[in-house]
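Single-structure report; data block below.
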There are 2 protein chains.
Amino acid sequence: MKNYTNLILAGLVIVLAAALVGVLVFVKNQPPQERATQPLIEIAQMEPDSSQWGVNFPNQYDSFLKTKTNNVDTTYAGSSQFSWLERDPRQVILFAGYPFSKDYNDDRGHANALEDVRATKRLNLDDTNPKRTPGTCYSCKSSDNPGLWTELGMEAYDKMSFNEMTPNINNAIGCSNCHDSETMRLVVTNPALKEALERQGKDWETFTRQEMRTVVCANCHVEYYFKGDGKYLTFPWDKGTKVEEMIEYYEEYGFKDWEYPDAGTPMLKAQHPEYEFFTADSTHFKAGVSCSDCHMPYVRDGAAKYSSHDVHSPLLNPEAACGQCHTDTEYVVRRVNTIQEQVATTKIATEDALVDAINAIKAAVAAGNADPALLDEARKLHREAQFMWDYISAENSTGFHNPEYALKVLADATNLARQAQMLAAQSVNDFDLLEINTYYQTPAP
Amino acid sequence: MKNYTNLILAGLVIVLAAALVGVLVFVKNQPPQERATQPLIEIAQMEPDSSQWGVNFPNQYDSFLKTKTNNVDTTYAGSSQFSWLERDPRQVILFAGYPFSKDYNDDRGHANALEDVRATKRLNLDDTNPKRTPGTCYSCKSSDNPGLWTELGMEAYDKMSFNEMTPNINNAIGCSNCHDSETMRLVVTNPALKEALERQGKDWETFTRQEMRTVVCANCHVEYYFKGDGKYLTFPWDKGTKVEEMIEYYEEYGFKDWEYPDAGTPMLKAQHPEYEFFTADSTHFKAGVSCSDCHMPYVRDGAAKYSSHDVHSPLLNPEAACGQCHTDTEYVVRRVNTIQEQVATTKIATEDALVDAINAIKAAVAAGNADPALLDEARKLHREAQFMWDYISAENSTGFHNPEYALKVLADATNLARQAQMLAAQSVNDFDLLEINTYYQTPAP
């Protein structure tokens, strides 16, 4: 019996040893865990040429290329280059004295960003002019930026003029603006975003993947200003990202984008504060939805499932965009239209109140004998009301990203604009300044 | 062979005939299809005593009884009898000259309706006074009404004074206000609702069950007025149920609830337009949700599942009320609070603008030399702005039933109130009337 037992034990040892070797060989032959598939080519860090990335990620790249041509309009906005100044002539008045009154076209898709920024009539390419367009204006237009910011530093980048920067910029927005080329991880590439988050005590490196699927959009889709003579790209977030908190910041810093002609109001132009507006307690944000969930929904190419990089309004592909969560997409689209109609109509009422305020302030200045304290208070309210309106108007969703907040901000803006008009009339004791107008009978959509 | 065939055929006939008889006997012995369970007692048509109905429907009745005592507050309203005039003293000014400035308590649950209407200081029980409270005020307070309307007709009912009607009214709101006693079907019992729907070309008898689960609430939760000397209960819906459509109706009919003292504005008091506000394209209404889905959710008593008749704010039982559709009720409750905070804050801004307008109009009247056309235009805007505000303020959801519409209406109301103030100042060329005040530093919740 003893011999048999030994034989069995020896056999077991051999079998177990062979199994162990087999498992170890199997494990060794597995691909590295970080990478599910082997890349076809190596992509350099911050590679500006998106077609290189496209070799490894053809579906994402092909869908990204569609942003070049797939520029379809929705009811209230969309991706064609229609002129806001033609569609809503009140905006010619509201931006008087500022380049946006000359040329204000709606944005096309990402792949057109470089072509469009170079074509806008808002540029001042005379480098001898103190109002020359700074290189900073390229910050959101090119996949060359992550490399240039690393090479030059943002301070040196922003000190160059648009003209001087032009030879360095060869690619529109692309992969390198949001991805790390080695791991494809989402990354904050814009130093201004990194710094604004840091001043808020936040470190983007600690964010979850889902948080990053919103924060990378803030590389560009934010309110910003050019700080000081060096035109240093800065986000006004130190007091928070709600509109009243950004106004408080600007008041303290004493910043103005331009002075309203014949009125003397120190004006602020809102840029495209999608990130701030969406994250201001909107229902989708609070439900954990990211920008990418709706604007870059999962789509299929045969058996492959990938995040579409053809970024545009979800109204153009609601089944993919809304249908991941909502079962009845027809209902959802009708709902979006109802909300946008309410916001668009309320926005026009605010514009009419602003134009009345502007006319009153201009008339008070022209009279030459205005009470300076009352006039200054009127200007302050005009400045705040117009920035609040612009925060909703320049934001690319006709209020949908945060409907209740949009309507509350517009309600407040109208109230302040009417008060500005009243103060201007008081400053010169002229009742003609209280005239109430509806400027264009056909409301802008 | 032939005999066998016949035998087989005969046998088949007998078997089939027996089977047929069996099936017929089975069918005959089935209970009637309309009634799943046999009632314990017969309930008379329009029986006002809800405890009778409770014999057959103990779960529904027991939950209804809870509306007597289960009167809990939410952040912005709820079911206790707190005073709106104490909570938000602006309303004392807004309702000056009208009984609501003396006594304006929040509603308690259905079972208290009769006790509360008899206790309010708004009543005028002097039958010799032309401003005596009409019997019409009982229309939404008692389960005796369906029987009385059938017996007397609404015209005769409404011609009686409150005092005269009192002996006929012995029960608070109850089963008969919404149910047919034989089939338990939901029914329109208020003739004013039936007539208003008819004038819109609608026949409630053709409505689906789910539509009825909203429409029965409109037996009471609506805007209404007392038409003519007969105080005939009338819903101002002929041009539609949105606030601007009801204003258009009232302008055409020339109705006023009272005249604002020392201002001369013909005022309108909004009642409780929950039905109109909710059905004005709100997201829940458009998604097919009825009032009952949220306010009378399905609950369980052991194995029995029934619709709770303890009607109150869904914020007090969100798991049952919201959880039938929404998975994350904690999120939903936070969301409701965010929306209500935005509406409540915007509402206060509208109130401040209205008080400024009132003060300006009063001062213009007191001056004695106002331009009558400008002053009348100011009054018109005051009337409209205050009704728009009241449509949101008197509505029992702090805007939640239709958030975007609430904020849009408040934005418009503030704009009109400021314009009214400006016109009043212009009417007497007095700039002091343009003063902008914030009346109470602590905003009302």
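One table, with the values for the structure above:
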{"quantity": "For A:SER101, solvent-accessible area (1.4 Å; no DNA, RNA or ligand), Å²", "calculated": "30 Å²"}
{"quantity": "Across the identical copies, how the A:ASP328 labels are spaced - nm, sorted shortest first, 7 Å along Cα→Cβ", "calculated": "2.3"}
{"quantity": "B:HIS382, A:HIS312, reordered so the largest accessible area comes first (probe 1.4 Å)", "calculated": "A:HIS312, B:HIS382"}
{"quantity": "Exposed-site-free run, longest, chain B (rule: GluC sites (Glu not before Pro); DSSP loop; at most 12 other C-beta within 10 Å)", "calculated": "B:43-445"}
{"quantity": "Estimated 222 nm signal from helices in chain A, with DSSP H stretches of n ≥ 4 weighted -39500 (n - 2.57), rounded to 500", "calculated": "-14000 deg cm²/dmol"}
{"quantity": "Interface residues, the stretch A:393-408 - accessible area loss of 30 Å² or more versus chain alone, probe 1.4 Å", "calculated": "A:GLU404, A:LEU407, A:LYS408"}
{"quantity": "Ratio Rg/Rh [Cα only; Rh per Kirkwood] for the protein assembly as shown", "calculated": "1.08"}
{"quantity": "Förster radius 35 Å - calculated FRET efficiency between B:THR183 and B:ASP229, Cβ distance, rounded to 0.05", "calculated": "0.35"}
{"quantity": "Selected from B:ALA263, B:ALA44, B:HIS295, residue furthest toward positive end of dipole (the protein assembly as shown; charges at beta carbon)", "calculated": "B:ALA44"}
{"quantity": "Label geometry 7 Å along the beta-carbon vector: A:ASP203 inter-copy distances in nm", "calculated": "7.3"}
{"quantity": "Averaged over B:416-429, number of beta-carbon atoms from partner chains that fall within 10 Å", "calculated": "4"}
{"quantity": "10 Å Cβ neighbours from other chains, averaged over peptide B:324-334", "calculated": "1"}
{"quantity": "Charge sum, other residues only, whose C-beta stays under 10 Å from B:SER83's C-beta, Lys/Arg counted +1 and Asp/Glu -1", "calculated": "-3"}
{"quantity": "Rounded accessible area of A:VAL336 (nearest 10 Å², 1.4 Å probe)", "calculated": "10 Å²"}
{"quantity": "Other-copy label distances relative to A:ASP432, 7 angstrom Cα-Cβ extension, nm", "calculated": "2.6"}
{"quantity": "Accessible surface of B:ASP430 - all protein chains present, 1.4 Å probe, nearest 10 Å²", "calculated": "50 Å²"}
{"quantity": "Rotationally averaged projected area of chain B (alpha carbon convex hull; nm²)", "calculated": "28.9 nm²"}
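The values are calculated or read from the model by the stated rules, or taken from the named source; none is laboratory data. Keep in mind the model is a prediction, meaning the values are calculated, not measured. Please note: Cβ atoms are built from the backbone with ideal geometry, for glycine as well, and neighbour counts cover all protein chains shown. Heads up: the accessible areas ignore ligands, DNA and RNA and are worked out on the full protein's heavy atoms, side chains in. Shrake-Rupley method; radii C 1.70, N 1.55, O 1.52, S 1.80 Å.
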